[in-house]
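Q: So that we are looking at the same thing, I have put the structure below in structure tokens.
Nothing in this text is a laboratory measurement; each read-out follows from the coordinates by a stated rule. Everything numeric here is computed off the predicted structure, so don't read it as measured data. Backbone-built Cβ (ideal geometry, glycine too); neighbour counts: all protein chains shown.
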Amino acid sequence: MTAAYAQPSLTSRISTALYLHPKLLLTLLLAPPLLWLGVIYLGSLFALLLQSFFYVDEFSGNIVREFSLATYAQLFSRANADIFLRTTVMAAAVTVAAALIAFPIAYYMVRYASMRMKALLYLAVMLPLWSSYLVRVYAWKLILAKEGIVTWFAAQLHLTWMLDAVLSIPVIGGPSLSISYIGSFLVFLYIWLPFMILPIVAALERVPASLTEASADLGATPKQTLRKVILPLAFPGVVAGSIFTFSLTLGDYIIPGIIGNSRPFIGQAVYQFQGTAGNIPLAAAFTVVPILIMALYLTAARRLGAFDAL
Amino acid sequence: MTKLPEIAVSFAGVSRRFGEVRAVDGVSFEIQDGEFFSMLGPSGSGKTTCLRLIAGFEQPDAGNIAIHGANVEGVPPYQRDVNTVFQDYALFPHMSVSENVEYGLMIRRVPAAERRRRSQEMLGLVKLEALGTRKPNQLSGGQRQRVALARALINRPSVLLLDEPLGALDLKLREQMQEELKALQRQVGITFIHVTHDQGEALAMSDRLAVFNHGRIEQIGAPAEIYEHPASAFVAGFVGVSNVCSGELARRLTASAQPFAIRPEKIAMFGASEQGPDGWLAIAGRIRAVTYHGATTRYAVALEGGGELAVMQQNAGDGEPFASIGEPVRLAWSRRLNQPLAGDL
């Protein structure tokens with residue numbers, strides 16, 4: 001008996017052709033997202049970089065579209081260097097603090113919490129992300145203000161002297177929490193913390209509990225196990241989280257505008273130069289700096305072996 | 001130096017509950033120093049929990065555990081002189097093979113030079129000298145298992161715990177590792193406590209074994225003792241294949257209601273018209289199914305008057321089956337091979 005395959009319909013013939021040519025299928029599937037990524041993301045980034053090599057004519061105030069390093073010479077003035085330093089130190093401080101707070105929470109979620117507790121904690125971590133960022137930042141302004149709840153609470157506990165002592169610390173202090181680097185730091189930390197917790201949870205989920213037991217079995221105290229086994233294996237998660245907290249703090253221009261002592265951060269400088277000042281080349285050059293800082297950061301993380309255990 | 005006591009590990013009335021489940025329920029046993037001891041049972045029978053109690057990952061709710069005579073109540077795993085080979089090997093993925101093996105020594109602050117020497121020695125013992133610089137994910141299952149062994153043995157523990165160490169390996173490798181583990185144990189002279197659900201493995205490797213069921217020990221003994229003289233229907237059925245005869249069938253065969261087990265390979269099969277040797281138990285039946293297993297062929301024989309017995313024959317000749325489905329046969333065996341069983345059936 002000979003069996004003939006039924007005459008296929010057009011769609012089934014297309015399916016067969018794609019099945020037999022997997023590379024064609026892959027190309028068709030990947031082309032739209034790759035075009036999007038290439039043109040919209042990288043294209044605009046490239047256009048931005050290009051802008052930074054133009055300069056503004058001092059007399060006319062017009063943008064001169066010729067290759068020049070004049071804008072970069074302007075970029076490295078004393079005042080601008082302060083902005084970079086201020087922003088980078090803030091981003092680093094926020095990142096370290098976020099990692100210190102996030103790790104125990106993430107570890108608890110992965111190792112100890114029941115399914116129910118874990119779901120609740122996930123909700124608690126993500127719930128704030130569902131409300132408007134601006135509302136939350138303004139809410140913090142009220143919390144940290146001189147007439148706010150923190151001041152009131154300190155007074156109730158007879159700890160006003162402590163709050164005053166903290167606020168009188170040079171540089172990071174100020175007239176009130178909402179007008180100080182401490183205030184900006186607290187709000188940055190609050191806003192970006194979920195972005196540190198979630199990657200660490202993901203990293204710890206992939207560390208089998210048997211590794212902790214094996215370490216104890218081989219004579220390691222809990223502290224040694226933490227240092228030799230858990231932290232190295234969670235490190236890629238910490239790095240992933242720190243990329244978020246660090247780069248988001250580097251680029252943010254809203255929080256330091258609302259809470260802080262009005263000394264500008266990189267984001268605010270970019271905002272001013274491209275807006276009121278109309279100096280697009282300088283604004284573009286300003287954005288190159290965080291890109292470079294992030295590139296250095298990622299290189300350093302790679303050197304430290306952060307991606308080895310991936 | 002004082003001589004170590006004879007008993008490596010002892011359990012006295014040990015229980016461990018998880019919520020409502022009694023994982024280990026009043027278990028008592030003693031393991032001799034230098035013995036290869038297996039804990040055999042189906043999953044959930046409490047054998048792994050017993051191993052974890054010895055390692056210190058679990059604490060008993062009741063009873064006493066002693067390792068070399070010392071009560072280990074409240075002693076954390078990192079202070080116990082035992083090491084474990086984990087079921088999933090639990091190799092540290094961020095460390096090389098050598099670093100994994102040296103881990104215990106590194107924790108004890110043994111100088112680097114001695115660490116290196118001893119890890120080379122250990123890797124030699126498990127035939128992996130050349131792979132010290134590899135990462136665990138670059139090794140095969142069998143190689144990982146050897147690294148896990150070396151990592152545990154380098155600490156020279158007084159007791160080595162093995163949690164289903166061969167479970168993830170394929171059949172050929174498993175048989176090879178069974179022999180190697182046994183040889184290794186003789187070489188290092190350490191007490192090995194081995195958890196497995198594979199009865200063949202337990203029989204082949206152990207000096208003695210304990211059969212676990214529902215958190216209790218059904219029987220402890222040497223492999224041949226367990227196999228030839230199972231104490232309960234559970235042991236008879238779990239260790240090897242057994243025909244368990246009870247009630248009416250037992251009465252028909254032996255004129256007594258005392259239940260007993262008879263191994264399929266002990267039953268001789270004859271043609272329907274032949275008679276078995278004098279004094280043997282005999283019963284007529286009809287072949288219901290024939291299963292060919294290579295070295296042996298297994299027959300399911302439906303008995304006259306109800307019931308069924310499994311019979312196993314060596315394929316010593318040309319491999320032609322003794323009888324085909326539907327043929328009448330006569331089964332016979334010596335009465336003294338019946339193994340009386342205790343307990344409920």
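Q: At a Förster radius of 35 Å, what calculated FRET efficiency corresponds to the Cβ-Cβ distance of A:Val135 and B:Asp61, to the nearest 0.05? Intermediate values should be presented prior to the final figure.
A: Values: r = 52 Å, r/R0 = 1.48.
It comes out at approximately 0.10.
Q: Let me ask something else. Most mobile of B:Asn100, B:Asn315, B:Asn64 per a Gaussian network model of chain B (Cα springs, under 10 Å)?
A: Ranking B:Asn100, B:Asn315, B:Asn64 by mean-square fluctuation puts B:Asn315 first.
Q: Springs between alpha-carbon pairs under 10 angstrom, Gaussian network model over chain B: which of B:Thr296, B:Thr191, B:Thr49 fluctuates most?
A: Answer for the Gaussian network model of chain B: B:Thr296.
Q: I've got another one for you. Express as a percent, rounded to the nearest 5, the fraction of DSSP beta bridges in the stretch B:7-238 (both residues included) that run antiparallel.
A: Values: 20 of 38 bridges.
Counting DSSP beta bridges with both partners in the stretch B:7-238, the antiparallel share is about 55 percent.
Q: Excluding B:Ser256 itself, calculate the net charge of residues whose Cβ lies under 13 Å from the Cβ of B:Ser256, where each Lys or Arg counts +1 and each Asp or Glu counts -1. Mind showing how you got there, number by number?
A: On the way: positive: B:Arg251, B:Arg252, B:Arg335; negative: B:Glu248.
With Lys, Arg at +1 and Asp, Glu at -1, the neighbours total +2.
Q: Per 0.36 nm of contour for each residue apart, how much would the distance between A:Leu123 and A:Ile63 grow if the chain were fully extended, relative to their Cα-Cα spacing?
A: Values: separation 60, 0.36 × 60 = 21.60 nm, distance 4.90 nm.
Here the answer is 16.7 nm.
Q: I would also like to ask the following. With r defined as the distance between the Cβ atoms of B:Glu180 and A:Arg13 and R0 fixed at 56 Å, what FRET efficiency is calculated, to the nearest 0.05? The partial results should precede the final answer.
A: Details: r = 57 Å, r/R0 = 1.01.
With R0 = 56 Å, the Cβ-Cβ based efficiency is 0.50.
Q: To the nearest µm²/s, what D does Stokes-Einstein give for chain A at 10 °C and 1.306 mPa s, using the Kirkwood radius over alpha carbon pairs as Rh? Write out the running numbers ahead of the final one.
A: Numbers: Rh = 23.6 Å.
Translational D for this selection: 67 µm²/s.
Q: Using a cut-off of under 16 Å, list every residue of the stretch B:117-142 whose amide N is near the label point 7 Å from the Cα of B:Ala204 along the Cα-to-beta-carbon line.
A: Inside the label zone: B:142.
Q: Compute the length gained on full extension between A:Leu42 and A:Arg303: take 0.36 nm times their separation in residues and subtract their Cα-Cα distance, giving the result in nm to one decimal. Write down the numbers at each step before the final one.
A: Values: separation 261, 0.36 × 261 = 93.96 nm, distance 2.56 nm.
Full-extension gain reported as 91.4 nm.
Q: Using just the Cα positions, wrap the stretch A:1-134 in a convex hull and report its mean projected area in square nanometres, one decimal place. Don't jump to the answer; show the numbers that get you there.
A: Numbers: hull surface 81.8 nm².
With the hull built on Cα positions only, its mean projection is 20.4 nm².
Q: Hey, another quick one. Take every Cα pair under 8 Å in the stretch A:21-147 that's 6+ residues apart, average their separations, divide by the length, and report that relative contact order as a whole percent. Walk me through the intermediate numbers first.
A: Numbers: 36 pairs, mean separation 12.3, N = 127.
It rounds to 10 percent for the stretch A:21-147.
Q: Divide the volume of the convex hull of the Cα atoms of the stretch A:10-51 by its number of residues and quote the answer in cubic angstrom per residue. Working shown, then result.
A: Numbers: hull volume 2.5 nm³, N = 42.
Convex hull volume per residue, Cα atoms: 59 Å³.
Q: Give the dimensionless ratio obtained when the Cα radius of gyration of the stretch B:160-262 is divided by 2.2 N^0.38 Å. Working shown, then result.
A: Working: Rg = 16.5 Å, N = 103, 2.2 N^0.38 = 12.8 Å.
Its radius of gyration relative to the 2.2 N^0.38 Å reference: 1.29.
Q: Same structure, new question: Excluding same-chain residues fewer than 8 positions from A:Lys141, which aspartates and glutamates have a Cα within less than 17 Å of its Cα?
A: Those aspartates and glutamates meeting the cut-off are A:Asp252.
Q: Around B:Thr84, under 13 Å between beta carbons, what's the net of Lys plus Arg minus Asp minus Glu among the other residues?
A: On the way: positive: B:Arg52, B:Arg80, B:Arg151; negative: A:Glu213, A:Asp217, B:Glu58, B:Asp81, B:Asp88, B:Asp163, B:Glu164.
Taking every other residue near B:Thr84 into account, the sum is -4.
Q: Something else now. Multiply the residue separation of B:Gln187 and B:Ala112 by 0.36 nm, subtract the distance between their alpha-carbon atoms, and state the gained length in nm to one decimal. Write out the running numbers ahead of the final one.
A: Details: separation 75, 0.36 × 75 = 27.00 nm, distance 2.58 nm.
Net length gain for the segment: 24.4 nm.
Q: Please list, or write none, the aspartates and glutamates whose alpha carbon is within less than 18 Å of the alpha carbon of B:Lys127, excluding same-chain residues fewer than 8 places away.
A: The reachable aspartates and glutamates, counting only those whose Cα sits under 18 Å from B:Lys127, are B:Glu99, B:Glu102, B:Glu175, B:Glu179, B:Glu180.
Q: Calculate the spin-label point distance for A:His21 paired with A:Leu34, positioning each point 7 Å from the Cα along the beta-carbon direction, and give it in nanometres.
A: Taking the two extended label points, one gets 1.6 nm.
Q: Please get the size of the charge dipole for the protein assembly as shown, origin at its Cα centre, with Cβ charges of +1 on Lys and Arg and -1 on Asp and Glu, quoted in debye to the nearest 20. Intermediate results must be reported in sequence, preceding the final value.
A: Details: 54 positive and 49 negative charges, 266 e Å.
Computed charge dipole of the protein assembly as shown: roughly 1280 debye.
Q: Say the dipole of the protein assembly as shown comes from +1 at the beta carbon of Lys and Arg and -1 at that of Asp and Glu; which of A:Ala295, B:Met39, A:Pro104 then lies farthest toward its positive end?
A: Final value for the positive-end residue is A:Ala295.
Q: Could I ask something else about it? If we count every other residue with Cβ under 13 angstrom of A:Gly174's Cβ, Lys/Arg +1 and Asp/Glu -1, where does the sum land?
A: Details: positive: A:Lys146, A:Arg263; negative: A:Asp164.
Once positives and negatives cancel, what remains is +1.
Q: Which is farthest toward the positive dipole end of the stretch B:27-134 among B:Gly63, B:Ser119, B:Leu51, measuring Cα position about the Cα centre, with Cβ charges +1 (Lys, Arg) and -1 (Asp, Glu)?
A: Selected residue: B:Ser119.
Q: What nm value, rounded to one decimal, do you get for the distance between A:Ile169 and B:Arg17 when each label is placed 7 Å out toward the C-beta?
A: Rounded to a tenth, the inter-label distance reads 5.1 nm.
Q: Still on this structure: Specify the residue with the greatest mean-square fluctuation among B:Gln120, B:Gln199, B:Gln176, computed from a Gaussian network of chain B linking alpha-carbon atoms under 10 Å apart.
A: The residue with the greatest mean-square fluctuation here is B:Gln176.
Q: With the Cα gyration tensor of the stretch A:128-286 giving a ≥ b ≥ c as the square roots of its eigenvalues, does the rule (a/c under 1.5 for rounded; else a/b larger than b/c for prolate; else oblate) give rounded, prolate or oblate? Walk me through the numbers before you get to the answer.
A: Numbers: a/c = 2.62, a/b = 1.46, b/c = 1.79.
Note, shape of the stretch A:128-286 comes out oblate.
Q: Which pairs, out of A:Lys23/B:Lys135; B:Lys47/B:Lys172; A:Lys23/B:Lys172; A:Lys228/B:Lys172; A:Lys118/A:Lys223; A:Lys223/B:Lys172, put more than 30 Å between their alpha-carbon atoms? It would help to have the intermediate numbers written out before the result.
A: Values: A:Lys23/B:Lys135 33 Å; B:Lys47/B:Lys172 25 Å; A:Lys23/B:Lys172 39 Å; A:Lys228/B:Lys172 36 Å; A:Lys118/A:Lys223 24 Å; A:Lys223/B:Lys172 41 Å.
Long pairs (Cα-Cα over 30 Å): A:Lys23/B:Lys135; A:Lys23/B:Lys172; A:Lys228/B:Lys172; A:Lys223/B:Lys172.
Q: Same structure again: Per-residue ellipticity at 222 nm for the protein assembly as shown, helices alone: DSSP H runs ≥ 4 residues times -39500 (n - 2.57), over residue total, nearest 500 deg cm²/dmol? Present the calculation step by step, with values, prior to reporting the outcome.
A: Values: 25 runs with 298 residues, N = 655.
Value at 222 nm, helices only, nearest 500: -14000 deg cm²/dmol.
Q: Expressed as a whole number of Å, what is the distance separating the alpha-carbon centroids of the stretch B:91-159 and the stretch B:274-323?
A: 51
Q: For the pair A:Gln74 and A:Tyr112, what calculated FRET efficiency results from E = 1/(1 + (r/R0)^6), where r is the Cβ-Cβ distance and R0 = 45 Å, to the nearest 0.05?
A: Numbers: r = 54 Å, r/R0 = 1.20.
Working from the Cβ atoms, E equals 0.25.
Q: Using just the Cα positions, wrap the protein assembly as shown in a convex hull and report its mean projected area in square nanometres, one decimal place.
A: 50.5
Q: Taking each residue in B:98-108, count the Cβ atoms of any other chain within 10 Å of its Cβ, then average. What number comes out? Provide the component values of the computation, followed by the final result.
A: Numbers: counts 0, 1, 2, 0, 1, 8, 6, 2, 5, 9, 3.
Neighbouring Cβ atoms belonging to other protein chains average 3 per residue here.
Q: Once the cut-off is 36 Å, how many percent of the Cα-Cα pairs in chain B end up in the long-distance tail? Working shown, then result.
A: Working: 20500 of 59340 pairs.
Here the long-distance tail beyond 36 Å is 35 percent of all Cα pairs in chain B.
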